[in-house]
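Read the structure below first, then the notes.
Readers should treat all values here as calculations from the given coordinates under stated rules, not as data from a laboratory. Model, not experiment: these values are computed from the prediction. So basically every Cβ, Gly included, is an ideal-geometry build from the backbone, and we count neighbours across all protein chains shown.
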Amino acid sequence: MNIAFLFPGQGSQTVGMGKDIYKNYDEVKEIYKKVEELTNIPISKLSFEGPEEILNETKNTQLAILTMSLAILEVLKNNNINAKTSAGLSLGEYSALIYSGALDFKEGIKLVQKRGEYMQNYLPQGNWKMAAILGLEDEQVEEVCKKVTKGFVVPANYNCKGQVAISGEEEAILEAEKIAKEMGAKKVRILNTAGPFHTEKLTKSSELLQKELENINIHNFNIEVIKNIDGTPYNKTDNVKEILAKHIISPVRFSKTIENMLKQGIDTFVEIGPGKTLSGFVKRSDGFNSNINILTINNLESLQNAINFLKKEGK
């Protein structure tokens with residue numbers, strides 16, 4: 001069995017996420033405790049109780065999702081379940097990098113804390129939105145954005161075949177929605193995010209993160225990680241720090257990421273963290289077939305089911 005771990009990004013958070021897993025595993029409690037000691041943020045209380053508007057603040061959201069993913073990883077590790085390769089959507093790439101050993105746990109947590117703060121505190125003035133356009137080709141979505149006349153909007157996340165998220169000013173997003181539907185889009189869905197992520201509008205945040213990255217050590221990769229910025233694996237010649245700084249202002253190429261995993265012969269995808277969005281992207285990817293296993297781990301039941309399945313199939 002060739003296993004890939006996938007880690008979700010911002011927008012997948014919900015109040016209560018991870019609570020039942022936390023109650024049942026001591027190693028999960030330990031991960032939350034370590035994160036809270038490192039950040040001085042009550043991440044367990046925010047994740048389990050909210051309130052929603054505070055959890056949805058970028059500086060809290062990113063840490064909460066990262067912590068849940070890392071806590072679940074700890075349970076899998078203790079059950080001798082490991083992946084051949086991994087990837088994450090935007091923020092989720094940090095979960096993958098920590099899992100791979102390229103980022104130290106402590107440094108990774110502190111880095112994501114700073115990333116969330118910069119992305120929240122250095123947003124340019126304006127009303128910003130993101131929206132997912134379903135049912136158009138990548139090139140058509142790019143054309144939609146070029147046709148918009150009422151403000152800034154660009155493609156931000158190439159999620160999977162037939163789905164691209166756009167990012168920009170609210171008025172421009174609404175105009176893009178109208179144009180997209182005229183061009184045959186099946187649906188346009190406004191996303192649960194709070195800024196023009198993965199666009200040039202976050203240049204200040206990118207520059208600040210670059211300075212933060214100068215103090216971080218990048219270690220050897222124990223597990224392959226496929227990067228968002230171009231959908232290819234990190235290699236020895238990559239400047240990881242530069243890539244992570246550019247990550248904030250560059251489109252996410254997640255569709256290419258999954259396609260590369262499928263070409264590698266990955267036959268089992270395990271989504272680790274809140275929601276099940278990435279599992280849906282896999283199902284809609286070129287190269288997917290019914291023999292490929294997709295597991296989501298986002299609560300106690302799904303965690304135990306995944307452990308049982310992976311142990312049984314892995315024998």
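Modelling each spin label as a point 7 Å along the Cα-to-Cβ direction, I'd like the Met183/Glu143 distance in nm, to one decimal.
Calculated label separation equals 0.6 nm.
Work from the charge dipole of region 130-278 (Cβ charges, +1 for Lys and Arg, -1 for Asp and Glu, about the Cα centre) and give the residue of Thr237, Val141, Ile272 farthest towards its positive end.
So the residue furthest toward the plus end is Ile272.
Can you tell me which of 52-60, 265-273 comes out highest on packing, and rank the rest after it, using the mean Cβ neighbours within 10 Å?
Packing proxy ranking, top to bottom: 265-273, 52-60.
Sequence gap at least 6, Cα distance under 8 Å: using those rules, report the relative contact order of region 12-91 to the nearest whole percent.
36
Which of the peptides 156-169, 241-254 is most tightly packed, and how do the rest follow, judged by the mean count of other Cβ atoms within 10 Å per residue?
Top to bottom by mean Cβ count within 10 Å: 156-169, 241-254.
Mind checking the full-extension length gain between Ser302 and Lys84? Use 0.36 nm per residue of separation minus the Cα-Cα distance, one decimal, nm.
76.4 nm
Jot down the per residue volume, in cubic angstrom and as a whole number, of the convex hull over the alpha-carbon atoms of region 209-291.
In region 209-291, the Cα hull volume divided by residue count equals 125 Å³.
Rounded to the nearest whole Å³, what is the per residue volume of the convex hull around the Cα atoms of the chain?
Convex hull volume per residue, Cα atoms: 123 Å³.
Given labels modelled 7 Å from the Cα in the Cβ direction, how far is it in nm from Glu49 to Gln125?
Result: 3.8 nm between the two label points.
Among the lysines, which fall within straight-line cross-link reach of Lys150, defined as a Cα-Cα distance under 20 Å, with same-chain neighbours fewer than 8 residues apart omitted?
Qualifying lysines at Cα under 20 Å: Lys129, Lys178, Lys181, Lys201.
Using C-alpha positions alone, give me the convex hull volume of region 128-190 per residue in cubic angstrom.
Residue-normalised Cα hull volume stands at 59 Å³.
Before rounding to the nearest 500, sum -39500 (n - 2.57) across all DSSP H runs of length at least 4 in the chain and divide by the residue total; then give [θ] at 222 nm in deg cm²/dmol.
-14500 deg cm²/dmol
Of the listed peptides 297-303, 256-262, 210-216, 68-74, what is their order by residue-averaged count of other C-beta atoms within 10 Å, with the highest listed first?
With the highest mean Cβ count within 10 Å placed first, the list reads 68-74, 256-262, 297-303, 210-216.
In debye, nearest 20, what is the charge dipole magnitude of the chain about its Cα centre with +1 on Lys and Arg Cβ and -1 on Asp and Glu Cβ, if you could check?
Taking the Cα centre of the chain as origin, the dipole is about 420 debye.
Need one word for region 131-268: rounded, prolate or oblate. Basis is the Cα gyration tensor (sqrt eigenvalues a ≥ b ≥ c); a/c below 1.5 gives rounded, then a/b vs b/c decides.
Since a/c reaches 1.5 but b/c is at least a/b, the shape of region 131-268 is classed as oblate.
Between Lys19 and Lys311, take the C-beta separation as r, use R0 = 22 Å, and let me know the FRET efficiency to the nearest 0.05.
Approximately 0.35, to the nearest 0.05.
What is region 162-242's relative contact order, in percent, from Cα pairs under 8 angstrom and six or more apart in sequence?
Relative contact order here is 21 percent.
Could you check the simple spin-label distance between Glu171 and Glu214, using points 7 Å along Cα→Cβ, in nm with one decimal?
3.9
Note down the relative contact order for the chain as a percent, whole number, built from C-alpha pairs under 8 angstrom at least six residues apart.
24
Would you work out if region 67-164 is rounded, prolate or oblate? Take a ≥ b ≥ c from the square roots of the eigenvalues of the alpha-carbon gyration tensor; rounded if a/c is under 1.5, else prolate when a/b is larger than b/c, oblate otherwise.
oblate
Put +1 on the Cβ of each Lys and Arg and -1 on the Cβ of each Asp and Glu in region 80-164; which of Gly151, Met119, Ala132 then has its Cα farthest toward the positive end of the dipole?
Met119
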